[in-house]
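S.K.: Submitted below is the structure of interest, expressed as structure tokens.
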């Protein structure tokens, strides 16, 4: 039989169990024949070494000796993180949360800066360390509270300071109202703008008008006399229960000064010299002290 290469043999379209294959046994280096039946009888299968999967998807794995390696998550540039149960460090540059957050409650809320909250009808700023809170049940009115002291700030009306629920100070466009005793270690009185000046004309009994809570009245030039004379000061700041303080500012002669009538919108000044008859224009100062009869 001539030598023919295996690749040159005719191709079998099918095989039977009795068909034979040439083999070379490794132990004896002898060429022998092996039937197809014997080739597939009792083969020995070896468990493959799976190794370590670097990446990809694993499915239908039945091995009991697979070693799972914790993956390196890295830093996601964007996206949604869900079901995160481990310990992670997340650096966020951008907006946290939904555009419209759902309603909820905080057990503890802390910050290194200002903490604010607002709604349709209320809001607050709070500092628990110092016991300070600014809160509102009305968008136009705010309360600043610390311990028993509360300052109520209103957009209109009176701003009040209360201690222990008792209002001790009220501030309004019409003035300042104090409940209790007011003391000062400095000056107490009217500031610039509260006063004015007026000069009497025609005679020393001619009335003058000065709608200020304090001021100076220059008398008409005439000779002094011990006979009393009276003139009216029309003043819209005066109430019938007010007290008028009056004294002599200047003049050569000394004058006795008296407030002889106080009414709503006016008061009367009665004066005379202690004996002098100098012709001059003395100046009298006055101040209105607000008072009540009840």
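The values are calculated or read from the model by the stated rules, or taken from the named source; none is laboratory data. Note that the structure is a prediction, hence the values are computed from the model and not measured. No Cβ is skipped: glycine too gets one built from the backbone with ideal geometry, and neighbour counts run over all protein chains shown.
S.K.: Does residue 241 qualify as being surrounded by 12 or more Cβ atoms within 10 Å (Cβ to Cβ) and either over 54 Å from the mean Cα position of the chain (by Cα) or at positive phi (or both)?
M.R.: Numbers: surrounded by 12 or more Cβ atoms within 10 Å (Cβ to Cβ): yes; either over 54 Å from the mean Cα position of the chain (by Cα) or at positive phi (or both): no.
Considered against the rule, which asks whether it is surrounded by 12 or more Cβ atoms within 10 Å (Cβ to Cβ) and either over 54 Å from the mean Cα position of the chain (by Cα) or at positive phi (or both), residue 241 comes out as no.
Matching residues to (1) in the same structural domain as residue 281 (by TED's automatic domain parsing); (2) surrounded by fewer than 12 Cβ atoms within 10 Å (Cβ to Cβ); (3) farther than 20 Å from residue 278 by Cα:
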{"position": "186", "(1), (2), (3)": "no, yes, yes"}
{"position": "208", "(1), (2), (3)": "yes, no, yes"}
{"position": "219", "(1), (2), (3)": "yes, no, no"}
{"position": "222", "(1), (2), (3)": "yes, no, no"}
{"position": "230", "(1), (2), (3)": "yes, no, no"}
{"position": "250", "(1), (2), (3)": "yes, no, no"}
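S.K.: Yes or no: residue 159 over 30 Å from residue 286 (Cα atoms), touching a strand residue (DSSP E or B) at 6+ places or on another chain (Cβ under 9 Å), modelled with pLDDT of 75 or more and surrounded by 14 or more Cβ atoms within 10 Å (Cβ to Cβ)? Quick ask: steps written out before the conclusion?
M.R.: Numbers: over 30 Å from residue 286 (Cα atoms): yes; touching a strand residue (DSSP E or B) at 6+ places or on another chain (Cβ under 9 Å): yes; modelled with pLDDT of 75 or more: yes; surrounded by 14 or more Cβ atoms within 10 Å (Cβ to Cβ): yes.
So residue 159 fits the description; yes.
S.K.: So which of 257, 210 is over 13 Å from residue 269 (Cα atoms) and touching a residue at least 12 places away in the same chain (Cβ under 8 Å)? It would help to see each step written out before you state the result.
M.R.: Details: 257 fails: over 13 Å from residue 269 (Cα atoms).
So the residue among 257, 210 that is over 13 Å from residue 269 (Cα atoms) and touching a residue at least 12 places away in the same chain (Cβ under 8 Å) is 210.
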